[in-house]
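The values are calculated or read from the model by the stated rules, or taken from the named source; none is laboratory data. Keep in mind it's a predicted model, so treat the numbers as computed, not measured. Counting neighbours? That spans all protein chains shown, and the Cβs are built from the backbone with ideal geometry, glycine included. The protein model used for the area step is the full one, side chains on, heavy atoms only, and it has no ligands, DNA or RNA in it. Shrake-Rupley method; radii C 1.70, N 1.55, O 1.52, S 1.80 Å.
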Amino acid sequence: MPAPSTAADILILGAGAAGLMCAATAGQRGRRVVVLDHADKAGAKILISGGGRCNFTNRVCTPSNFLSENPHFCRSALDRYTPDDFIALVERHDIAWHEKTLGQLFCDGSARAIVAMLLAECAVGRVDVRLDCQITAVEHGDGFRVTTSLGAFTAPALVIATGGPAIPKMGATGFAYDVARQFGLAIIEPRPALVPLRVSAAELGLASVEGLAGVALEAIARADGAPAATPGFRENILFTHRGLSGPAILQASSYWRPGGVIRLDLSPAVPPEAFLLARKRERPRAEARTILAELLPARLAQSIGAQLPAGPIADVPDRTLTALAGQLTDWRIRVLHSEGFAKAEVTAGGIDTAGLSSKTMGARTVPGLYCIGEAVDVTGWLGGYNFQWAWSSGWCAAVALST
Ligand code: FDA
């Protein structure tokens, strides 16, 4: 005789951003919801997000801010549960927030307020959240049966909300893909995204990469091979002890593929060719490298300027300055590799949207099975988009499961 099990209307695997939103919404619509998570606290990634202040959404959220094999898949969910809907929820809970830059909304205080808000919403919906719960089997017969270290749970509906493998030391796993595969759903090859990039010293024209570590500047970064419609990302880049990071690099990294090149415009505000030629006329006795330091941080100017002859800029041929300017606006850097899932903020790829309904997140071939959040092949840019996807997809699944 099978061990006695706990019966529910909906089982949600994963008490992260998407799972908690889905649970609270369905619970408040009258469904008996159980959430199962192997971690000892709910919403662990929310707690560390946005430097502890959680960049919980972005004012302007459109499909063009996401990567997916099907770029249109996320549209319906984002239209139905919008950033304004989440802002309204945050305000109902008296959580103070502010807009930082580029539409990014952060808590004034701690990200803990967002987790507390989601758990309070779950409590209103009488959701049963089980933490420290190791899932050992997921079966499907007459409904779903999940066997765990806390006993067995059954329900006619199962929601996969266990995210992706980014930052495994936080308990992130590829479990969602195992369950999805078990039910015949296809997986788009997962890859680290919003991730620092490793670059060799030679590629930077340096004896060692450490030489530039700590240098930061505004630049435009893009990955060669990104879809034509993808803009370059104009934000800060940061040279690190191992290569490149900073928001513009993280954004471009989501589009980078192994073997590929990152292209940098190091002088987006001042066209360097006109600048260098004008300075040559105005201050012919000045050192060329000194002039370069007016465009770039000193250490970077020194390193790039090493290719210029020492001495006054008047002695540097115009064509040399023009070639240098071309390098500054289109510096092509071949990346060795990314820093991998250990350092990635998010996972690109995941459960193939071709097998899911964009309205409900339900699996087309398995009635009662739903996939939400980062587990799905929908990946946002840096800036609150990944949480908005978690809220929107979680909400849509909940509504489909409770109407
Ligand atoms: P999420 O990862 O939140 O939740 C998955 C849950 O499933 C976890 O609770 C996990 O314990 C559980 N789980 C995993 N495997 C399991 C298993 N085998 N058994 C049981 N449970 C299992 N985004 C953004 O929009 N703004 C931001 O400011 C940031 N900041 C940020 C910082 C850092 C350091 C990281 C790593 C990530 C971000 N993100 C972000 C991304 C954001 O955190 C992420 O996209 C969402 O949390 C995804 O929500 P999900 O609910 O899909 O997964």
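Here is a yes/no grid of residues against (1) free of Cβ contacts under 8 Å to residues at least 60 places away in the same chain; (2) within 14 Å of the ligand (Cβ to nearest atom); (3) over 18 Å from ASN55 (Cβ atoms); (4) touching a helix residue (DSSP H, G or I) at 6+ places or on another chain (Cβ under 6 Å):
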site: LEU336; (1), (2), (3), (4): no, no, yes, no
site: VAL346; (1), (2), (3), (4): no, yes, no, yes
site: THR353; (1), (2), (3), (4): no, no, yes, no
site: SER357; (1), (2), (3), (4): yes, no, yes, no
site: GLY368; (1), (2), (3), (4): no, no, yes, no
site: GLY384; (1), (2), (3), (4): no, yes, no, no
site: TRP389; (1), (2), (3), (4): no, yes, no, no
site: SER392; (1), (2), (3), (4): no, yes, no, yes
site: ALA397; (1), (2), (3), (4): no, yes, yes, yes
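Only one residue in ILE237, ILE188 is outside any loop (DSSP other than H, G, I, E, B) and over 30 Å from ALA354 (Cβ atoms). Which one? Going through ILE237, ILE188 in turn, the sole match is ILE237. Looking across segment 163-202 at every residue that is open to solvent by 40 Å² or more (accessible area, probe 1.4 Å), within 17 Å of the chain's Cα centre (by Cα) and within 8 Å of the ligand (Cβ to nearest atom), the one that is nearest to ALA42 (Cα to Cα) is identified as MET170. For segment 261-271, the condition of being over 23 Å from GLY211 (Cβ atoms) and surrounded by 15 or more Cβ atoms within 10 Å (Cβ to Cβ) holds for at least one residue. Out of ASP79, ASP85, ASP40, one residue alone is within 14 Å of the ligand (Cβ to nearest atom) and surrounded by fewer than 21 Cβ atoms within 10 Å (Cβ to Cβ). It is ASP40. Filtering segment 211-222 for residues that are free of Cβ contacts under 8 Å to residues at least 12 places away in the same chain and open to solvent by 20 Å² or more (accessible area, probe 1.4 Å) leaves an empty set.
Residues are listed down the side, and each one gets a yes or a no for (1) modelled with pLDDT of 95 or more; (2) in contact with a strand residue (DSSP E or B) (Cβ under 7 Å, 6 or more places away or on another chain); (3) of a type outside the set (A, V, I, L, M, F, W, C):
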site: PRO284; (1), (2), (3): yes, yes, yes
site: ALA314; (1), (2), (3): yes, no, no
site: ALA325; (1), (2), (3): yes, no, no
site: THR353; (1), (2), (3): yes, yes, yes
site: TRP381; (1), (2), (3): yes, no, no
site: GLY384; (1), (2), (3): yes, yes, yes
site: GLN388; (1), (2), (3): yes, yes, yes
site: ALA397; (1), (2), (3): yes, yes, no
